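Since every read-out is calculated from the coordinates, none of them should be taken as a lab result. Everything numeric here is computed off the predicted structure, so don't read it as measured data. Ideal geometry is used to build each Cβ from the backbone, glycine not excepted, and the neighbour counts take in all protein chains shown.
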Amino acid sequence: MNAQFDSTQTVESSSATDGLSKNPLEILQRAQHYAEENELDFTGSIPPTDAWYLIEQGLAVLVDVRTNEERVFVGYVPESIHIAWATGTSFNRNPRFLKELDSKIGKDKTILLLCRSGKRSALAATAAFSAGFAQVYNVLEGFEGDLNEQQQRNQTNGWRIHHLPWVQD
């Protein structure tokens, strides 16, 4: 594992997470196990609270892959770096995504990708992993979460439902 921390370190998490002691290596191992179980083509998938914990500890970089419009109208995580996977309201694939990811982050970092529901970020994770980013994870549930029975987001899961930090301009 190409993690940049002491794998034996267990740290008390903040109130933004579940309040339990966490071991960063165990978080990443669970994410990798999830990827194996679900036959994903990238390093792993991680729940929002675990993602925030790794970010708080300085062990991972959060990349928001949503469009500029989504960030402006819905909100964003202040600590995130924005590199759109797709652009505009028609979601045209950003042909510079991998180049931007490499120049802004680099292939040696642990990267967490976040989108609206976790689907586009999974596509972005697959592309990044195929391009040599060894530690790239999808944030499960995304920023707004899954649709509920009434076809609404922000009701059952997602970054915002977990009361993790976010802002809206």
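State, as an integer percentage, the relative contact order of the chain based on alpha-carbon contacts under 8 Å between residues 6 or more apart.
Values: 327 pairs, mean separation 38.8, N = 169.
It rounds to 23 percent for the chain.
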The answer for the per residue Cα convex hull volume of the chain, in Å³, is 116 Å³
quick note, segment 21-139, DSSP beta bridge pairs, % antiparallel (nearest 5) is 15 percent
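Calculate, in nm to one decimal, what residue 166 and residue 81 gain on full extension: separation in residues at 0.36 nm each, minus their alpha carbon distance.
On the way: separation 85, 0.36 × 85 = 30.60 nm, distance 1.30 nm.
Difference between extended and current length: 29.3 nm.
Go through segment 40-107 and name the chymotrypsin sites (Phe, Trp or Tyr not before Pro) that are in a DSSP coil and have 16 or fewer other Cβ atoms within 10 Å of their Cβ. It would help to have the intermediate numbers written out before the result.
On the way: sites: 42, 52, 53, 73, 76, 85, 91, 97; in loops: 42, 85, 91.
Of the chymotrypsin sites (Phe, Trp or Tyr not before Pro), the ones in loops of segment 40-107 whose Cβ has at most 16 other Cβ atoms within 10 Å are 91.
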Pseudo-spin-label distance residue 57 to residue 119, built 7 Å along Cα→Cβ, given in nm, is 3.2 nm
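Under 14 Å from the Cβ of residue 42, count the other residues' Cβ atoms, weight Lys and Arg +1, Asp and Glu -1, and hand me the total. Write down the numbers at each step before the final one.
On the way: positive: 107, 119, 120; negative: 36, 37, 39, 41.
Neighbourhood net charge equals -1.
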If amide H atoms are modeled at 1.01 Å from N in the peptide plane, then the residues at a separation of 5 or more from residue 93, or on another chain, having amide H under 5 Å from its own are 87
The extension gain from residue 90 to residue 23, computed as 0.36 nm times the residue separation minus the Cα-Cα distance, is 20.1 nm
Computed over segment 95-161, the relative contact order (Cα-Cα under 8 Å, seq sep at least six) in percent reads 28 percent
Going residue by residue through segment 120-126, the Karplus relation 6.51 cos²θ - 1.76 cosθ + 1.60 with θ = phi - 60° gives ³J(HN,Hα) values, rounded to whole Hz and with x marking Gly or Pro, of 5, 5, 5, 4, 5, 5, 4
Taking the chain, the lysine pairs whose C-alpha atoms sit under 21 Å apart (8 or more places apart or on different chains) add up to 4
Counting only DSSP loop positions in segment 19-79, the GluC sites (Glu not before Pro) whose Cβ has at most 11 other Cβ atoms within 10 Å are 39
